[in-house]
Amino acid sequence: MTTRIDFDLKPSAQPLSAAEREAVLADPGFGRHFTDHMVTIKWTEGRGWHDAQLQPYAPLQIDPANMTLHYAQTIFEGLKAYRQPDGSVATFRPDANARRFQRSAHRLAMPELPVETFVEACDLLVSTDREWVPSQGEQSLYLRPFMFATEVGLGVRPSNEYLFMVIASPAGAYFPQGVKPVSVWLSEEYVRAAPGGMGEAKTGGNYAASLVAQAEAAAQGCDQVVWLDALERRYIEEMGGMNLYLVRGTGDDVTIVTPQLTGTLLPGITRDSLLRIAEDLGYGTEEARVSTDDWQSGDADGTLTEVFACGTAAVITPVGHVKSARAEWTVGDGETGPVTKRLRDALLAIQTGQAPDPYAWMHRLT
Ligand SMILES: *Cc1c(COP(=O)(O)O)cnc(C)c1O
């Protein structure tokens, strides 16, 4: 079944000049600059998806009683386009983001955008703004598809209209000074998600709930917060907006362990990709429940050698130090471990086209 939608093309009359764009790309940071265009598609009850447009990037006018502002019916995605060695551009697993976007929509009682429309919308924006895709090392163009309720009114129920959008932002290397391990605070007071809640959905509300805990982590001198399960506050779930991996063993006998998807964790595409890559690198893989006690004792007896977090934005971030209300310890030797580094290099090599793509993950733009 094809559900092709025709996009109305309204390119910008005033795109940034090449010189201005190059100045931005010299130091893009993350999420600070946006490309010349955006994609919009409307959905209305009874009519479905319609009015798809590529248009100049511009502010939106929002009614004060817009439902999203009050009840947070909004979801998003994050994926990257990478410049390939031959100059072409490819996105990483956009179909996986499209399917997760559908699952998020379902959880928030929103309409599901067809997978092919999601991918087409991303392709259209990237190909229009392809000059914005950086070509230096680990740089990329970060795509932010999102959808929110646009009905006006304060009654609490699903909106009868929505706006889907894609915007794009050039992203520098996450660690321009080289990969550095972060310190984490185990959040035993605040939880990110509870069983039956929205933890599996990529929705703004989960991030709103996280900010006070992130502030607490910072007050404790830590870079990031680690979420524990809501019921027992014992099992590790995620780090900030990233999934977690623990490394057991060394040399030829390494197993990487990630918290199993219980419904309260966000099913990361980076997490999923690393399970595949790790197996091909000869590592054992395990999805399991891991308690904070296991983490601490594993570091104490040396069986747990490395810990890292993973997600689209930073790819892989090593964890060097752990702190909670009761304890504090160092992971391994506190430095970036060899397994963390090898997995990071292997994934980035596929994304930047330096290595073959045995899983057909790269979606090349024509
Ligand atoms: C987006 C996200 C991740 C990482 O998902 P990726 O698909 O790997 O980018 C992990 N945790 C949370 C809470 C997220 O929102």
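The values are calculated or read from the model by the stated rules, or taken from the named source; none is laboratory data. These numbers come from a predicted model, not from an experiment. Please note: Cβ atoms are built from the backbone with ideal geometry, for glycine as well, and neighbour counts cover all protein chains shown.
With respect to the conditions (1) in a loop (DSSP other than H, G, I, E, B); (2) at pLDDT 95 or above, GLY29 lacks only one, and its number is (2). The criterion of at least 3 residues that are assigned by TED's automatic domain parsing to the domain that holds LEU244, modelled with pLDDT of 95 or more and surrounded by 22 or more Cβ atoms within 10 Å (Cβ to Cβ) is met by the following strands (runs of 3 or more DSSP E) wholly inside region 301-346: 304-311, 315-323.
Consider VAL225 carefully, then state whether it is β-branched (Val, Ile, Thr), surrounded by 20 or more Cβ atoms within 10 Å (Cβ to Cβ) and more than 15 Å from the ligand (Cβ to nearest atom). No: the conditions fail for VAL225. Picking from residues in region 72-92 that are within 11 Å of the ligand (Cβ to nearest atom) and among the aliphatic types (A, V, I, L, M), the one that is farthest from the chain's Cα centre (by Cα) is ILE75.
Could you say whether any residue in region 332-343 is farther than 22 Å from LEU79 by Cα, within 16 Å of the ligand (Cβ to nearest atom) and in contact (Cβ under 8 Å) with a residue 12 or more places away in the chain? There is no residue in region 332-343 that is farther than 22 Å from LEU79 by Cα, within 16 Å of the ligand (Cβ to nearest atom) and in contact (Cβ under 8 Å) with a residue 12 or more places away in the chain.
May I ask you to verify whether ASP95 is under 23 Å from the mean Cα position of the chain (by Cα) and either modelled with pLDDT under 95 or surrounded by fewer than 17 Cβ atoms within 10 Å (Cβ to Cβ) (or both)? Answer is yes for this residue.
List pairs: first in region 29-51 and surrounded by 14 or more Cβ atoms within 10 Å (Cβ to Cβ), second aromatic (Phe, Trp, Tyr) and assigned to a loop (DSSP other than H, G, I, E, B), Cβ under 7 Å, 6+ apart or cross-chain? Cβ pairs passing all conditions: PHE34/TYR57; THR35/TYR57; ASP36/TYR57; HIS37/TYR57; MET38/TYR57. With VAL212, VAL290 as the choices, which residue is away from the ligand (no atom under 12 Å from the Cβ) and more than 24 Å from ALA72 (Cβ to Cβ)? Within the list VAL212, VAL290, the selection yields VAL290.
Yes or no, residue by residue, for (1) more than 22 Å from MET242 (Cβ to Cβ); (2) not assigned by TED's automatic domain parsing to the domain that holds TYR57:
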site	(1), (2)
ARG100	no, no
MET110	yes, no
GLN139	no, no
GLN177	no, yes
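Scanning region 168-190 for residues that are basic (Lys, Arg) and crowded, with 16+ Cβ neighbours inside 10 Å yields nothing. Of everything listed in (1) more than 16 Å from the ligand (Cβ to nearest atom); (2) over 22 Å from ALA313 (Cβ atoms); (3) crowded, with 19+ Cβ neighbours inside 10 Å, the single unmet condition for ASN160 is (3).
Given ALA149, ALA201, which one is of a type outside the set (Lys, Arg) and within 15 Å of the ligand (Cβ to nearest atom)? Walk me through how you get there before you give the answer.
On the way: ALA149 fails: within 15 Å of the ligand (Cβ to nearest atom).
Only one candidate passes the filter, namely ALA201.
Would region 255-276 turn up any residue that is surrounded by fewer than 20 Cβ atoms within 10 Å (Cβ to Cβ), more than 16 Å from the ligand (Cβ to nearest atom) and within 20 Å of PRO338 (Cβ to Cβ)? Within region 255-276 (the criterion being surrounded by fewer than 20 Cβ atoms within 10 Å (Cβ to Cβ), more than 16 Å from the ligand (Cβ to nearest atom) and within 20 Å of PRO338 (Cβ to Cβ)), the answer is yes, since at least one residue qualifies.
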